[in-house]
Amino acid sequence: MDQSPKQYTLPLIQEPDFTSYSYFVSQSNKAAYRLVELWPEWSFKYYVIVGPVGHGKTHLGHILRDLTHGVFINAAEIDANVLETIKPKETYVVDDIHLVQQPALLFHFYNLTLENDCNVVYLSGKAPGQYDMGLPDLNSRFRSLAVIELPQPDDDLCRAIIRKVFLDLQINVADEVVEYMLAHMSRSLTDIHYNIQLLNQQSMELKRNITIPFIKSLDGTK
C-alpha cells in the first residue's frame, strides 16, 4: 500500500482587480460610489465608509486613490514616517480603522491631515460609536464624521461579484452555475469570496470542473 502523504493542490493566488472597470454599481452600493463620482466637489473633508469585510470598501478606496492620485494606506501602517510625509491638500484613503492598534498615531494622523487641508476617506468594518477606538478624543472626532454605509448587497451586486471572483481566479463557469450559487448562498460578500476559493481548491484537488453537479456533490445535495 502506498503510504506516501496525500498531495494537495493549492489554488494560485491571483491579485484582485481593484480597477474602476471591475467595480459593479447597484442600488446597494450606489451612495458610496456616488462619493467617488462627486470628487472633488465634496460636502465634507472627511468621510467614513462602513461595511463588513468583502462588501467592496477596499475596492472603492483603490478607485478613489487612482482617481485622485492620492495615498491608500492601512491604519496599521500609520507610523512616524507616514506622519512626516503628509502633504497639503492630499487625498488619503485609510483602510481598516476599526482594527487600529495604536490609536495615538491615528489621532495624530487625523489632526495633521486636518491642519494640511487634506481630504480623507476612512474605511471601517464598524460605524464610529459602535466600538471604542482607544482614545476618548479619537472616539469624539470620528463620531462627528459623515458616514456612508454599504448595506447588504442585492442580487445584482452578488451576481456581479460571483463572476468577478471567478474571473480573478481565471476560472470560466457557466451562467447556470452563477445563478445556482446566487440562489443557495448567503448575501455576505465575505461568504461568496470564501466559498468560491473553497470550490476552486476542491476542483483542483479532484481535477473536476466547477459545475452544478460538482457543487451539489460537495454539499451532499442530490
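I want to make sure I understand the PRE zone here: with the label point 7 angstrom from the Cα of Arg163 toward its beta carbon, which residues in region 176-219 have backbone N atoms less than 12 Å away? Residues 176, 178-179 fall inside that zone.
Note on region 29-80: percent of Cα-Cα distances in each 10 Å bin, starting at 0 and stopping at the bin with the largest distance, equals 21, 56, 22, 1. Quick one: helix 189-206 against the long Cα principal axis of the chain, what's the angle to the nearest 10°, folded into 0 to 90? It is inclined by approximately 30 degrees. The angle between the Cα long axis of helix 155-168 and the longest principal axis of the Cα atoms of the chain comes to about 80 degrees, rounded to the nearest 10. The local environment of Leu105, defined by Cβ-Cβ distances under 11 Å, has a net charge of -2 under the rule Lys, Arg +1 and Asp, Glu -1. Amide H to amide H, with H built 1.01 Å from N, Asp95 comes under 5 Å of Ile73, Asn74, Ala75, Leu123, counting only residues 5 or more places away or on other chains. Amide hydrogen proximity for Glu149: with H placed 1.01 Å from N in the peptide plane, the residues at 5 or more positions away or on another chain lying under 5 Å are Val50.
Once Rg and Dmax of the Cα atoms in Å is worked out from the coordinates, which option in (1) 18.9, 58; (2) 17.8, 55; (3) 20.6, 72 does it equal? Only one option fits the structure, namely (3). Taking the Cα atoms only, what angle lies between the long axis of helix 57-68 and the longest principal axis of the chain, rounded to 10 degrees? The angle comes out near 50 degrees.
Sorted ascending by nearby beta carbons within 10 Å, beginning with the fewest, Lys30, Lys126 become Lys30, Lys126. Overall size of region 155-219 from C-alpha positions, given as principal axis extents largest first: 30, 22, 20 Å. This ranking places Tyr131, Tyr122, Tyr21 by how few other beta-carbon atoms lie within 10 Å of each, fewest first, which gives Tyr21, Tyr131, Tyr122. Descending by average beta-carbon neighbour count within 10 Å, the peptides 44-55, 203-214 line up as 44-55, 203-214, the highest first.
If you run the Gaussian network model on the chain, springs between alpha carbon atoms under 10 Å, then out of Ser188, Ser20, Ser43 the most flexible one is Ser43.
For the chain, relative contact order (Cα pairs under 8 Å, six or more residues apart, normalised by length) works out to 26 percent. Put a plus charge on the Cβ of each Lys and Arg, a minus charge on the Cβ of each Asp and Glu, and nothing anywhere else: the dipole of the chain about its Cα centre is then about 380 debye.
Across region 158-217, the relative contact order, built from alpha-carbon pairs under 8 Å that are at least six residues apart, equals 38 percent.
Proximity of backbone amide H atoms, modeled 1.01 Å from N, is registered between Asn119 and Glu90, Thr91, Tyr92 at under 5 Å, excluding neighbours fewer than 5 places apart on the same chain. You can think of it this way: the chain between Ala31 and Ser144 has 38.8 nm of extra reach, that is 0.36 nm per residue less the Cα-Cα gap. Note on the chain: helix-only mean residue ellipticity at 222 nm, from DSSP H runs of 4+ residues weighted -39500 (n - 2.57) and normalised by residue number, equals -13000 deg cm²/dmol. What you get for region 24-149, charging only the Cβ of Lys and Arg (+1) and of Asp and Glu (-1), is a dipole of about 360 debye around the Cα centre.
Coordinate-derived values only; no laboratory data. Keep in mind it's a predicted model, so treat the numbers as computed, not measured. All Cβ positions, glycine included, derive from the backbone under ideal geometry; neighbour counts span all protein chains shown.
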